[in-house]
Structures are given as structure tokens and as C-alpha cells.
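Asks: If you scroll down you'll find the structure; I have some questions about it.
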Amino acid sequence: MKEFQAFWQNYANFSDRTTRRGYWIAWLYYMLIGFGMPLLAMFFARAGGIGVGLITISMTFLVLWNAAILVPSLAIAIRRMRDAGIHWALIFIIIIPVLGFIAHTIMLCMPSKDTELNRDVPVV
């Protein structure tokens, strides 16, 4: 839970570092919330016959959730890449269809490196 708290407390912090564990635990939490809410709404709509209203509300929540995590998710990805010793500008590799997503995920999975660029930068 502390990783998810750090995710929100450092929402616009693009200059520090984030460990591999910190990144993936925060990612897990925001994916559970982002996918859990619409699935829960569809379950209740199907089981209770509530209808389209609950699904519309959950989809609205999903859009708002994705807008709210845009800057923090960019910040944590850049901090993670910095911790792995990768230049932050390579985050834009994700724009390349399929291969960019795979390369981006591999870069985020790389272990921490102690380089000259990030030696004095604190880990959050």
C-alpha cells in the first residue's frame, strides 16, 4: 500500500527514482481499480437488472480515473526508467505499435543501476 501512496504523493515528481517493486505494485493497484470498477458494475447490472445506468456511471468513472492517473503514471514510469539507467525520452517508444509496448515493458522490468546520472537522486 505504501507504493500506491508514494504514487500519489509524488504524482508530479519526474526527477527522483522508483524501484522495480514500487513501480509494479503501484501499477497493480491502479489496474485493479481501473478494471475492477467496470467489472463490478457489469456484474451488478446483470445480476440485479439495474440496467445501463450503472454501466454508464462506471464508464464515466473509468474515463475520469484514466485522466486522473495520466500525469502520475508518466511520472512513475520516467522515475522507473531513470532508476534502470535509461534516458527518460525513451518513454516515447511506446508510441510504436506492438513492438514499442513490448520494448517499453522490458525497459520497465530492468533492474536498478547505479550510474553517474542517478547516483545522487533519491529513491521514492
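Asks: Report, by residue number, each residue of region 10-24 that is assigned to a helix (DSSP H, G or I) and either of a type in the set (S, T, N, Q) or surrounded by fewer than 18 Cβ atoms within 10 Å (Cβ to Cβ) (or both).
Replies: R20, R21, W24
Asks: One residue is enough: does region 93-103 have a residue meeting the conditions modelled with pLDDT of 80 or more, small (G, A, S) and in a helix (DSSP H, G or I)?
Replies: For region 93-103, residues modelled with pLDDT of 80 or more, small (G, A, S) and in a helix (DSSP H, G or I): present.
Asks: May I pose another question? If I86 satisfies all but one of (1) under 20 Å from D114 (Cβ atoms); (2) free of Cβ contacts under 8 Å to residues at least 24 places away in the same chain, what's the number of the condition it fails?
Replies: Evaluating I86 over (1) under 20 Å from D114 (Cβ atoms); (2) free of Cβ contacts under 8 Å to residues at least 24 places away in the same chain leaves (2) as the failure.
Asks: Of everything in region 19-49, what is under 30 Å from K113 (Cα atoms) and either at pLDDT below 85 or touching a helix residue (DSSP H, G or I) at 6+ places or on another chain (Cβ under 9 Å) (or both)? Give them in sequence order.
Replies: Within region 19-49, T19, R20, R21, G22, Y23, W24, I25, A26, W27, L28, Y29, Y30 qualify.
Asks: As an exercise: evaluate Q5 against (1) out of contact with any His (no Cβ under 8 Å at 6 or more places or on another chain); (2) assigned to a helix (DSSP H, G or I); (3) in contact (Cβ under 8 Å) with a residue 24 or more places away in the chain and give the number of the one condition it does not meet.
Replies: (3)
Asks: If I filter region 29-52 for residues that are within 26 Å of A6 (Cβ to Cβ), surrounded by 17 or more Cβ atoms within 10 Å (Cβ to Cβ) and aromatic (F, W, Y), do I get at least one hit?
Replies: Yes.
The values are calculated or read from the model by the stated rules, or taken from the named source; none is laboratory data. Given the structure is predicted, the values throughout are model-derived calculations rather than measurements. We place every Cβ from the backbone using ideal geometry, glycine too, and count neighbours over all the protein chains shown.
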